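The values are calculated or read from the model by the stated rules, or taken from the named source; none is laboratory data. Everything numeric here is computed off the predicted structure, so don't read it as measured data. Note: ideal-geometry Cβ built from the backbone for every residue, glycine included; neighbour counts use all protein chains shown. For the accessible areas, the whole protein counts, side chains as well, though only heavy atoms, and no ligand, DNA or RNA atoms are used. Shrake-Rupley method; radii C 1.70, N 1.55, O 1.52, S 1.80 Å.
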Amino acid sequence: MRTRKSRASRDNGLFAMAAVAFGLYLCFLVLPLLLSLKSSFTDENPLRSTSGFVGLDNYGEMIHDDQLHASLGFTLILAVGVTIAANAIGIAFAMMLNRTTLSYRVMRTIAFLPQVLSGVIVGFVWQTILTQQGLLNVTLQRIGLIDSPIAWLGSPNLALLSIGVVVTWILTGFTTVVYLAALQGVPVELYDSAAIDGATTWQRFARITFPLIAPGMTISVTISLITVLKLYDVITVLTGGGPANSTRSTALYIVKLAFTDNRFGYASAVAMLVLAMSAAIALSVTSLLRRREVNF
Amino acid sequence: MTAINDVLRSRARLVIAGVVTLLFVAPIYLTIVNAFKTQSQILKSPEALPIPPTLDNLSTALARPDGLIQLGLQNSLIDVVFSVALLIPLASAFSFYISRRKTKARAAVLALLAAGLMIPPQVILLPTIQILTFFGLDHSYPGLILSNLGGGYLSFAVFVYVGFMRAVPNEIIEAARLDGASGLRIWWGIVMPLVRPATATVAIFSSLWIWNDFLNPLFILGPLQGQTITTGLYLTIGQYSVDYGQLFGIMFLAAIVPVVGYLFVQKQFIAGLTSGSSK
C-alpha cells in the first residue's frame, strides 16, 4: 500500500503534464466539435444575441440547397481526379527516382520542394502562370501556339482543370515519397527470378511492383483524398471560388456561410455533413484498399 | 556490348529523369529567376536566367512601409516557436503517460485522438473562436497558439511518439523506478533521449504546418492583429497582380525560410514522411 501511494505521488508531475495536454485537446478539438454539432440544430447568428432550437431544419435545407450541391460536386470531382493523378504520377516518379546515386538523390530533394511551400505561396506562383496575361499565355503566344490568351482560371471547366493540376502538383511530392519507401521494401530477388522466367517490363510492374506497393497506396490515397476534402487556401488564392462559384469547394462554402452570411447554425450543419462524408470516404477507401494489400 | 548498352541506358535514364524533374519544379524555378528580373525582362522571356540580375524587387519588398516581410516572418516565427516548444513536451509527456496505462484506457484515448487527424479544420473553426472569445483570447497570439496546441497537431504528435515509445524497453523504466526516480525524471532523463527521431519528426512537420497554416491565423487573429507571413501575403499581395517583379520578389522572400529549412533537414523530412506512412 505504501509503495503504491509513493509511486502515485512520484508520477504527479507527469500526470499534470498529460492532463494539460489532454485538457487542451478536449477544449480545442472535442468541445468545438460538440458545439458545432449543437449549433447545427439551431439558427445561431452572431448578429442576434438569441438563437433558437430549429430541430432538423438546417439538415432539411441542405436537401434543396443548389449551392451546396454544386460545391459538393466540385469537391468530389476534384478529390477523385487529383487522387488518381497524384498517385499515378507518384508511382511513376518513384520508379523513375528509385536509384541511390547522388544525382537521383538531388533530384528527389528538388522534386519534394512543392511540399514545403504554403498553399498561399503555391496559389500566387501558379496564378502568375495561369492568369489571362500570365506567363503560360505569354509563352504560348510567343511560340505561336495560340492567337489569343486562354482563360485558364476564368471559365468553369478550365478553372476546375487548373486547380486540379495545381493540387496534384502539391500532392505529388508526398505520394512520391510514400511510393519510394514502398518500393524499397520490394525484394530484389523477385525481379531476378522474374527476369529468369522471361517476364516483360509490364509484367514485372503489374505482377510484382504494383501488388507490393499496395500498403503505400492505402495511406497515399487516403491522405490525398482527405487533403483535397479540406482544401481551402490554394483555391481561395487561385479563383476565390469563381467564376460564378464554379470552383467553390465545400470548405469555402462553409467559411462563406459562417463568416460572410453569419449563418452559424446552417454552416455547422454543412460542416457536420462534410465531416461525416470525409470519415465515410476515408474509412471505406482504407478498408477497400487494405483488402488488396499483399503481406510478406 | 551489353555493358556499353547498360551505360547508355542509365545515361538516358538520368537525362530523362533530370528533364522531368526540372519540368516538374518549373514554377519554383520561375519564382527564383524572376525575383531578380525587371518587369519587362519577365514579360519578354519569363524562363530566361536573370542577366544582369537586379535586386530592386527584393529591396522594394523589404522597404514596404507595412513591413509585410519583416513583420510577417517575425509573427510566423513567434507562432511556430511557442507552439512547437509547448507541443513537444506536452505531447511526449502525454504519450509516455498513456503508453504506460492499461491497454483498454490507452486504446480509448488513442481512438479519441485519432479523430483529431480526420476533422477538417473548417468544421471546428467557428466554435474554437467562440471558446477563445469566452476566455478573452480571440484575436491574440496566445489564442492562436492554444488552438494550435489543442487542435490536430497534438493528435499527430502523440501518434508519432506512441509509436516510438513502444520500442523503449520496459526494463530500463522499471530499473529507474526502483532507484526512486519520479515519472517526470524518467520521462525527461531516459525516454526523451531515446525518442529523439520522433521529436525531430514532430518538430519538423508541426513547424512546417503551423508556419504554412492559413485558416486559423486568418480567422483567429483577424486582419488587424499582426499578420503571419502566410496571411499577410494573402491580404496584401492582390494589388500587385500585374507587377510581376514585385510579386516574385515578395514570394521569393516569403518562401526562403521554409525552403532553406527544408534543405537543412531534408533527410529527416523524408524519413519522417516514410515512417508516418509505413505505420
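Condition check ((1) more than 10 Å from every other protein chain (Cβ to nearest Cβ); (2) surrounded by fewer than 18 Cβ atoms within 10 Å (Cβ to Cβ); (3) of a type in the set (Val, Ile, Thr)) across all residues:
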residue	(1), (2), (3)
B:97	no, no, no
B:103	yes, yes, yes
B:117	no, yes, no
B:121	no, no, no
B:128	no, no, yes
B:135	no, yes, no
B:141	yes, no, no
B:144	yes, no, no
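Can you tell me how many residues in segment B:53-90 are open to solvent by less than 90 Å² (accessible area, probe 1.4 Å) and more than 30 Å from the chain's Cα centre (by Cα)?
Here the count works out to 1.
Select from segment B:254-273 the residues that are crowded, with 21+ Cβ neighbours inside 10 Å and more than 7 Å from chain A (Cβ to nearest Cβ) and write down the one among them that is nearest to the chain's Cα centre (by Cα).
Restricting to residues being crowded, with 21+ Cβ neighbours inside 10 Å and more than 7 Å from chain A (Cβ to nearest Cβ), the top hit is B:269.
Being more than 17 Å from residue A:61 (Cα to Cα), touching a helix residue (DSSP H, G or I) at 6+ places or on another chain (Cβ under 9 Å), more than 10 Å from chain B (Cβ to nearest Cβ) and open to solvent by 10 Å² or more (accessible area, probe 1.4 Å) is the filter here; which residues of segment A:241-276 pass it?
Hits for segment A:241-276 are A:242, A:243, A:244, A:245, A:246, A:248.
Within segment A:147-174, track down each residue that is hydroxyl-bearing (Ser, Thr, Tyr), more than 10 Å from chain B (Cβ to nearest Cβ) and surrounded by 16 or more Cβ atoms within 10 Å (Cβ to Cβ).
Passing the criteria: A:162, A:168.
Out of A:43, A:66, which single residue is touching a strand residue (DSSP E or B) at 6+ places or on another chain (Cβ under 9 Å) and away from chain B (no Cβ under 11 Å)?
When all the criteria are applied, what remains is A:43.
Need the failing condition index for residue B:132 against (1) over 30 Å from residue B:183 (Cα atoms); (2) in contact with a Lys or Arg (Cβ under 7 Å, 6 or more places away or on another chain), just the number.
That leaves (2) as the condition not met.
Within the bounds of segment B:19-37, is there any residue that is touching a residue at least 12 places away in the same chain (Cβ under 8 Å), touching a Pro at 6+ places or on another chain (Cβ under 9 Å), away from every other protein chain (no Cβ under 14 Å) and not in a helix (DSSP H, G or I)?
Yes: one or more hits.
Got a sec? Which of A:233, A:261 is free of Cβ contacts under 8 Å to residues at least 12 places away in the same chain and among the acidic types (Asp, Glu)?
A:261
Please find, within segment B:38-57, the residue that is nearest to the other protein chains (Cβ to nearest Cβ) out of those that are in a helix (DSSP H, G or I) and aliphatic (A, V, I, L, M).
B:43
Show me the helices (runs of 4 or more DSSP H) entirely contained within segment A:28-146 in which 2 or more residues are open to solvent by 60 Å² or more (accessible area, probe 1.4 Å) and among the acidic types (Asp, Glu).
The helices (runs of 4 or more DSSP H) meeting that bar are A:57-64.
In segment B:193-225, how many are under 15 Å from residue B:265 (Cβ atoms) and touching a residue at least 24 places away in the same chain (Cβ under 8 Å)?
The qualifying residues number 14.
Return yes when residue A:76 is under 25 Å from the mean Cα position of the chain (by Cα) and within 13 Å of chain B (Cβ to nearest Cβ) and no when it is not.
For residue A:76, the condition - under 25 Å from the mean Cα position of the chain (by Cα) and within 13 Å of chain B (Cβ to nearest Cβ) - is not met.
Pairs, please: C-beta under 6 Å, at least 6 apart or cross-chain, first residue without any contact (Cβ under 8 Å) to a residue 60 or more places away in the chain and in segment A:92-119, second polar (S, T, N, Q)?
Taking only residues 6 or more apart or on different chains, the pairs are A:107/B:21; A:109/B:266; A:110/B:21.
Output yes when any residue across segment B:204-217 is open to solvent by 40 Å² or more (accessible area, probe 1.4 Å) and of a type in the set (D, E, K, R), and no when none is.
no
Among the candidates B:154, B:149, B:113, single out the residue that is free of Cβ contacts under 8 Å to residues at least 60 places away in the same chain, within 9 Å of another protein chain (Cβ to nearest Cβ) and either open to solvent by less than 30 Å² (accessible area, probe 1.4 Å) or closer than 17 Å to residue B:93 by Cα (or both).
B:113
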